[in-house]
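Just below is one structure, and these are the notes that go with it.
No lab work stands behind these numbers, since they all come straight from the coordinates. The model shown is predicted, which means the values in this text are computed figures rather than measured ones. Backbone-built Cβ (ideal geometry, glycine too); neighbour counts: all protein chains shown.
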Amino acid sequence: MIRQFAFIAAFLVAAYVLTMASLPAAGQDGGTDCASTLWLDPASADATEETVPVSGVDALPVWMSISLVDACTGDEFTIADFVGKTIYVEGMATWCPPCRDQLARLTDAFNQIPEPDREEIVILALSSEVDLPREALAGYAATNEFPFVFAVMPIDMLQAMADDLGQEIAVPPATPHLIVAPDGTIGDIQTGSSSPDELLALFAETRDATAP
């Protein structure tokens, strides 16, 4: 099933990349214009410090430790780098209109969060287009003004997430999304669109559930 999804995604990407080649690639190389540096820069600094096990979590799933490449900066990171914060993961594809609409609602919700609190909520938009060049994904994010961390999932990560969470992660139009709480607890994968108010309530619920 996953191999079939990957084949379809790769076929669609081949046509899509031709149109993306002419789109602006703002911030792809310098990093200073990349919204993702809000989270990636602190994560890079923390990586030099001793890692402290997360309370209540025996072992993180494999997919959280698989290396990703930020579409805008080219920096490598893993989802596990952000444990300790609220991590929102949105499965998406650049060819998917429901994904774009959901990311627009997510942007609306994010803009309503007070700036001091934004650093504690990491939003990852992960494309299931396993062969999509990062520059094309960066162009998509910049054109739509989505202020999140974008990365293309490698096939082993897509497979691992599907095995662990469900096949929906490989179906972008279903708008699959999930929350990883600051203590490392992984929520169930959800599908369907969410309003900005619903997303804000989800963030607040996760924060309150893990508050000391």
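Brief remarks follow.
- Over the C-alpha trace of region 71-212, radius of gyration and Dmax come out as 14.1, 42 angstrom.
- With all projection directions averaged, the alpha carbon convex hull of region 115-157 covers 3.5 nm².
- In sequence order, region 118-133 has phi-based couplings of 5, 5, 8, 10, 9, 10, 10, 9, 10, 7, 8, 7, 4, 9, 6, x Hz under the Karplus curve 6.51 cos²θ - 1.76 cosθ + 1.60, θ = phi - 60°, and Gly or Pro positions carry x.
- Here the Karplus relation 6.51 cos²θ - 1.76 cosθ + 1.60, evaluated at θ = phi - 60°, turns the backbone of region 71-79 into coupling constants of 4, 7, 8, x, 6, 8, 7, 10, 4 Hz, with x for every Gly and Pro.
- A full extension of the chain between Ala204 and Asp163 corresponds to an added length of 11.9 nm, given 0.36 nm per residue minus the alpha carbon distance.
- The distance between label points at Glu76 and Ala104 comes to 3.7 nm (points 7 Å beyond Cα on the Cα→Cβ vector).
- The residue among Ala201, Ala136, Gln102 whose Cα reaches farthest toward the positive pole of the charge dipole of region 85-212, with charges on the beta-carbon of Lys, Arg, Asp and Glu, is Ala136.
- What the Kirkwood sum gives for region 149-212 is a hydrodynamic radius of 13.1 Å, with every pair of different alpha carbons counted.
- Highest mean packing first, where packing is the average number of other Cβ atoms within 10 Å per residue, the peptides 172-184, 115-127 line up as 172-184, 115-127.
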